[in-house]
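Below: the structure, in structure tokens.
What follows is calculated from the coordinates using simple rules that are stated; it is not laboratory data. Note that the structure is predicted; figures quoted are calculated from it, not measured. Heads up, the Cβs are rebuilt from the backbone with ideal geometry, glycines too, and the neighbour counts pull from every protein chain shown.
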Amino acid sequence: MRAAMAAPLACALPAWARAATPPADDESMARFIAGLPKAEFHVHLEGTLEAEMKFALAQRNGLSLPYATVEEMKRSYIYHDLPSFLKIYYDGMQVLLTEQDFYDLAYGYLSKAASQNVLYAEMFFDPQEHLKRGVPIEAVIGGITRARADAAKTIGIESQLILCFMRDLSAESAMEALDAALPHKDKLIGVGLDSDEKDNPPEKFAEHFAKARAAGLHVTMHCDVNQENTLEHIRTALVDLQAERIDHGGNIVQSPELMALAKSKGIPFTVCPTFSGKVMEDGHPINALREMLDAGLKVSVNSDDPAYMGSEYITEVLVRAQKDSALTPAELVRIERHAFETAWIPEAQRDGYLAKLEAYAQDWGVTA
Ligand code: HPA
Ligand code: ZN
């Protein structure tokens, strides 16, 4: 009875009596970003494997790790480019062996993301690395899928799964992983392409993308920053392979022609400011996120491999990006609008998320 009476009173507050002041200092900007309804599209589940969980899984699976403590392990996460990062990342995932391990990994990420107001996530995983170690695809996809269902039910975060081909392994290995996964295609939303780009152009996987598309899956691919032939790779992805998204892709700002093409096709870019590194031009760094936004490209901001990047999840990444790229509150809302528009979901679900985002912006007095 009391609750029933309280609700109309709260609703009766006139708009002028509610706080509708756009964030104007660091503290209110941080609160605004923390509460912002968010979506994430570029997060590698194996890249969310925190050192603490690595120790717990190693113990459960009777494995020993080459570090005595969590702190020592975290201190070893030093890399200077994509290959040196990938070595640490693939070494780290050796502790993932059972269905329960994949459940714990995915549930851990989804809980963290939900606590930061991520309403929806599409998450990458790297099956080839697990199949290589004799882990059945059923354990990998099964554990992640069970975690997705539980997280949706208990903490209200929706998610989907994208299988990545590891571009530095053979085309045959990627095809084996796709064939193993296709009987479970109802648990996947798309395929992607990750790992070391050097000498591994996207067309190496043309057949794989075609097969996945024929099976009803969406197609995205990494074009990491400052790679050899990066603009050619972006062009191949957009034109020849008809990628629906580009993951990273920051060097596109160096080609007005490719930017115009991506814009005309409405291609989303999943930018990860923590990892992508600065796009370099004539030895000088340029701010790709700022330039992509200013050019009118559809850009979302993402955390990539947070466990290896100072445990900075989406809120911390956005706080940093806001400062580095001088993002206005309206631009932050625009980024999340782009994010929800990027999602491979039914329109009614998208409309629900967008309504929450617009209501939040309005509550803060932020207009586009
Ligand atoms: N790029 C390429 N491969 C990866 C990445 C990335 O951002 N993260 C994990 N594997
Ligand atoms: Zn990535």
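Contact order, relative form, for the range 30-179: 30 percent (alpha carbon pairs under 8 Å, 6 or more residues apart, mean separation divided by residue count). A cut-off of 5 Å between modelled amide H atoms, ignoring neighbours fewer than 5 places along the same chain, links A343 with no other residue. Put simply, the amide H of L161, placed in the peptide plane, has neighbours under 5 Å in M123, I189, G190, leaving out anything fewer than 5 places away on its chain. For the pair N229 and K356, label points projected 7 Å from Cα toward Cβ lie 4.2 nm apart.
May I ask which of K38/K112; K265/K323; K74/K132; K54/K112; K54/K87; K204/K265 have a Cα-Cα span longer than 20 Å here?
Details: K38/K112 13 Å; K265/K323 30 Å; K74/K132 25 Å; K54/K112 16 Å; K54/K87 16 Å; K204/K265 23 Å.
Pairs exceeding 20 Å: K265/K323; K74/K132; K204/K265.
Each of Y67 and M280 was given a label point 7 Å from its Cα along the Cα-to-Cβ line. The distance between the two points is 2.7 nm. Taken over the range 261-347, the ratio of Cα radius of gyration to 2.2 N^0.38 Å equals 1.10.
Computed on the chain, with alpha-carbon pairs under 8 angstrom and 6+ residues apart, the relative contact order is 20 percent. Relative to the longest principal axis of the Cα atoms of the chain, helix 171-181 runs at roughly 60 degrees. A straight chain from D91 to K204 at 0.36 nm per residue would run longer than the Cα-Cα distance by 38.2 nm. The range 223-248 and the range 14-85 have Cα centres spaced 27 Å apart.
Kirkwood Rh over Cα pairs of the range 159-237 into Stokes-Einstein at 4 °C, 1.567 mPa s: D in µm²/s? For the chosen part, D equals 102 µm²/s.
For R60 and K211, compute 0.36 nm times the residue count separating them, minus their Cα-Cα distance, and round to one decimal in nm. Write out the running numbers ahead of the final one.
Values: separation 151, 0.36 × 151 = 54.36 nm, distance 3.77 nm.
Net length gain for the segment: 50.6 nm.
Relative to the longest principal axis of the Cα atoms of the chain, the long axis of helix 137-155 lies at roughly 10 degrees. Please determine, in degrees from 0 to 90 and to the nearest 10, the orientation of helix 347-363 with respect to the longest principal axis defined by the Cα atoms of the chain, where the helix direction is its Cα long axis. Rounded to the nearest ten degrees, it is 50. Considering all different alpha carbon pairs of the range 52-170, the Kirkwood hydrodynamic radius works out to 15.4 Å.
Give the whole-number value, in cubic angstrom per residue, of the convex hull volume spanned by the C-alpha atoms of the range 210-285.
Details: hull volume 7.2 nm³, N = 76.
Given the Cα convex hull of the range 210-285, per-residue volume reads 94 Å³.
Extension gain, D25 to M175: 0.36 nm times the residue separation minus the Cα-Cα distance gives 48.9 nm. If the viscosity is 0.890 mPa s and the temperature 25 °C, what Stokes-Einstein diffusion coefficient in µm²/s follows for the range 25-363 when Rh is the Kirkwood radius over Cα pairs? Estimated via Stokes-Einstein, D reaches 122 µm²/s.
Of the GluC sites (Glu not before Pro) found in the range 220-258, those that fall in a DSSP loop while having at most 13 other beta-carbon atoms within 10 Å are E228. Site pair A326 and S111 shows an inter-label distance of 4.1 nm when each label is modelled 7 Å from Cα along Cα→Cβ.
Return a whole-number percent for the relative contact order of the range 215-368, with Cα pairs under 8 Å and 6 or more residues apart as the contact set. The normalised contact order for the range 215-368 reaches 17 percent. Sequence-ordered 3J(HN,Hα) estimates for the range 29-36 from the Karplus curve with 6.51, -1.76 and 1.60 and θ = phi - 60° stand at 5, 5, 5, 4, 5, 4, x, 4 Hz, glycine and proline given as x.
Eigen-decomposition of the gyration tensor built on the alpha-carbon atoms of the range 216-368 gives equivalent ellipsoid semi-axes of 24, 20, 15 angstrom, largest listed first.
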